[in-house]
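Worksheet for the structure shown next.
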Amino acid sequence: PDIQFQPDPSKKNLVVLGTGWGSVALLKKLDTENYNVIVVSPRNYFLFTPLLPSCTTGNIEHRSIMEPVRQILRSKKASAMYYEAECTHIDAERKVIKISDNSDIKGDVNMTEVPYDMLVVGVGAENATFGIPGVRENSCFLKEIKDAQAIRTKIMDCVETAGFKNQKPEEVSRLMHMVVVGGGPTGVEFAGELRDFFDEDIKKLVPQIADSFKVTLVEALPNVLPMFSKQLIDYTESTFKEEHIEIMTKTMVKNVTDKYIEAEITRPDGKKELTRIPYGLLVWATGNALRPLVKDLMSQIPAQKDSRRGLAVNEYLVVQGARDIWAVGDCAVAGYAPTAQVASQEGAFLARLFNNMAKTEALEAKVHELSSTLNVQPGNSAQIVQEIESTERQLRRIKDIKPFHYSHQGSLAYIGSEKAVADVAWLNGNIASGGKLTYLFWRSAYLSMCFSTRNRVLVALDWIKAKVYGRDVSRE
Ligand code: FAD
Ligand code: NAD
């Protein structure tokens, strides 16, 4: 049987890179009948990142927040092709991409090219390390499922190693010191989840290490959660104090070894001091950096030379200086924060734009066809002219698509002890709230945002399971 994808020659090839927030929002709303849609991503699932910090402790099982891309594409009207591969190069001149199968099992062919007429780059970002020595070798990140699994394993490894016979108190303290670098929402949510795990489960099961367990959050700026209002920053900092999570602000990590980090603290009098912080587990959450693929594309386009944080796009998300390339999400610079909220609105916008472009092209073809029949059948001219006019009216209506406009719904973050903070847009203002009620709002909001009903049911069951039986502390 011919299992190869046969593109319809009458349609354009629309290639979508990535299966994250931006690309999946596009695929969800795109009318796939209009194009030969080809999706390329090394990850054959969509990941609901807002609940990823909960996977690090087993409060939620990782498969509950994954949705297979095959499932997503199956629900489309016309079939779309998916290749599990990484795009390694975009040749903007020839309009082809190079793809490579980087999974463990490779066939005889594991590298090839895919031509495109239209390309959407939604490859997200990498973890920023700022070139600080030792970070990649010694710390865990928190971006993908495998990162959350690695953290879950390491937490219990530290606990069990600390409980090893004759372990010295100093070493127990080091092993039980969990350090999080980066006081953005990723670092804060993880620190909160970790403290919960310890208070609700580990402490009961391994009481001998209870006094040594410590969580420290290290942040270079004067406060954590810079995107939240002052009131919620203060609330988070005081809640962390109650939860015994130490926050070290104005502390910039400069070097990482396998057992300690070195950081520069700026004292209130402005003096700088170098300190050594021993750790058992180190989680690095200092935000985003450009992927090599994005850097490579930017280097081909002179108009991108001054862009530092990603592909500069115009108000229709077209990559500036490129032909037929659009970008969405964390790899695009459209003037908004790199969040799921922005990425998914951008993806949905592109779907509307592409659906519209296809409709426009179909109507233009109709006008063209009607005009040619006008010359052949002069007898029907009045009716044909009427039809041309009505088609042109439709064309004018749909051609007038407004530029992308981001609508901010608010920011939400879990901070531990069944408390959350929320800055939510309300009418023309903003409502800031923090505490247990906000936590219930956080839970219901994220549950309703899960990709599918299946995800929603699994997440709700995981929450119930963890509450009733406790989190599973077995180390995989
Ligand atoms: P991603 O979702 O990262 O997807 C990128 C996709 O591209 C992936 O499928 C990847 O496999 C694929 N890819 C990578 N390289 C290639 C390549 N070379 N070729 C092809 N495909 C490639 N934002 C919020 O708004 N609210 C939250 O509560 C929130 N919580 C978060 C919690 C955590 C722990 C993290 C890490 C982030 C969170 N974010 C949140 C931010 C949000 O996840 C990102 O802004 C969002 O994922 C960006 O979407 P994206 O589509 O640009 O990239
Ligand atoms: P971030 O960029 O928001 O925060 C990183 C923090 O690390 C910064 O505050 C920075 O000052 C600090 N930092 C950098 N280098 C440092 C160093 N050497 N030593 C100490 N501190 C250092 O990163 P993030 O938290 O991973 O978030 C990334 C994006 O994802 C953001 O746009 C964020 O809004 C979004 N996100 C949102 C949520 C949510 O809404 N609940 C959750 C997670 C992530």
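The values are calculated or read from the model by the stated rules, or taken from the named source; none is laboratory data. Predicted model, so just to flag it, every value in this text is computed and none were measured. Cβ coordinates were reconstructed from backbone atoms using ideal geometry, including for glycine residues, and neighbour counts include every protein chain displayed. Quick note on the areas: whole protein, heavy atoms, side chains included, nothing else; ligands and nucleic acids left out. Shrake-Rupley method; radii C 1.70, N 1.55, O 1.52, S 1.80 Å.
Across segment 123-128, rounded Karplus estimates of 3J(HN,Hα) from the backbone phi angles (6.51 cos²θ - 1.76 cosθ + 1.60, θ = phi - 60°) give 8, x, 9, 9, 7, 7 Hz, Gly and Pro being marked x.
The separation of segment 67-144 from segment 391-466, counted between C-alpha centres, amounts to 27 Å.
Every pair of different Cα atoms in segment 118-181 enters the Kirkwood calculation, which places the hydrodynamic radius at 14.4 Å.
For segment 83-128, the share of alpha carbon pairs falling in successive 10 Å distance bins from zero is 23, 48, 27, 2 percent. For segment 110-170, trypsin sites (Lys or Arg not before Pro) are listed when DSSP marks them as loop and at most 15 other Cβ atoms sit within 10 Å of their Cβ; the list is Lys165.
What percentage of the solvent-accessible surface of segment 285-396, computed with a 1.4 Å probe over protein heavy atoms, is contributed by carbon and sulfur atoms? With neighbouring chains kept in place, the figure for segment 285-396 is 52 percent. Compute the Cα gyration tensor for segment 1-47, then decide on rounded, prolate or oblate, letting a ≥ b ≥ c be the square roots of its eigenvalues: rounded whenever a/c is under 1.5, prolate when a/b is larger than b/c in the other cases, and oblate in all that remain. The shape class here is oblate.
Placing +1 on the Cβ of each Lys and Arg and -1 on the Cβ of each Asp and Glu in the chain, which of Val39, Ala348, Phe130 has its Cα farthest towards the positive end of the resulting dipole? Value computed over the given set: Ala348. Amide H contacts of Ala312: Gln320, Val333, each under 5 Å away and 5 or more positions distant or on a separate chain (H built 1.01 Å from N in the peptide plane; Pro and chain starts excluded). The value for segment 246-326 of Rg(Cα) / (2.2 N^0.38 Å) is 1.68. The residues of the chain expose, per residue, 51 Å² of accessible area to a 1.4 Å probe. Taking the Cα centre of the chain as origin and assigning +1 to Lys and Arg Cβ atoms and -1 to Asp and Glu Cβ atoms, the resulting dipole is close to 440 debye. Whole-Hz Karplus values for segment 253-261 come out as 6, 10, 7, 10, 10, 6, 10, 8, 10 Hz, taken residue by residue from phi with 6.51 cos²θ - 1.76 cosθ + 1.60 and θ = phi - 60°; glycine and proline positions read x. Here, P(r) means the percent of Cα pairs in each 5 Å bin from 0 to the largest distance; for segment 417-475 it is 4, 16, 17, 21, 19, 13, 6, 3, 1, 0. Scanning the chain for chymotrypsin sites (Phe, Trp or Tyr not before Pro) in DSSP loops with at most 12 neighbouring Cβ atoms within 10 Å leaves 165-476 as the longest stretch between them. Considering every alpha-carbon pair of segment 100-220, the percent of pairs per 5 Å bin, from zero through the bin containing the longest distance, is 2, 8, 15, 17, 15, 12, 9, 7, 6, 4, 3, 1, 0, 0.
Loop-resident trypsin sites (Lys or Arg not before Pro) (DSSP state other than H, G, I, E or B) in segment 317-408 with no more than 12 further Cβ atoms inside 10 Å of their Cβ: Arg323. Rounded to the nearest 500, the 222 nm mean residue ellipticity of the chain from helices alone is -11500 deg cm²/dmol, with -39,500 (n - 2.57) taken per DSSP H run of at least 4 residues. Only Lys, Arg, Asp and Glu carry charge here, each on its Cβ (+1 for the first two, -1 for the last two); on that basis segment 170-275 has a dipole of about 360 debye about its Cα centre. Once all protein chains are placed together, Lys12 keeps about 80 Å² accessible to a 1.4 angstrom probe. For the chain, a Kirkwood radius taken over Cα pairs fed into Stokes-Einstein (10 °C, viscosity 1.306 mPa s) yields D = 64 µm²/s.
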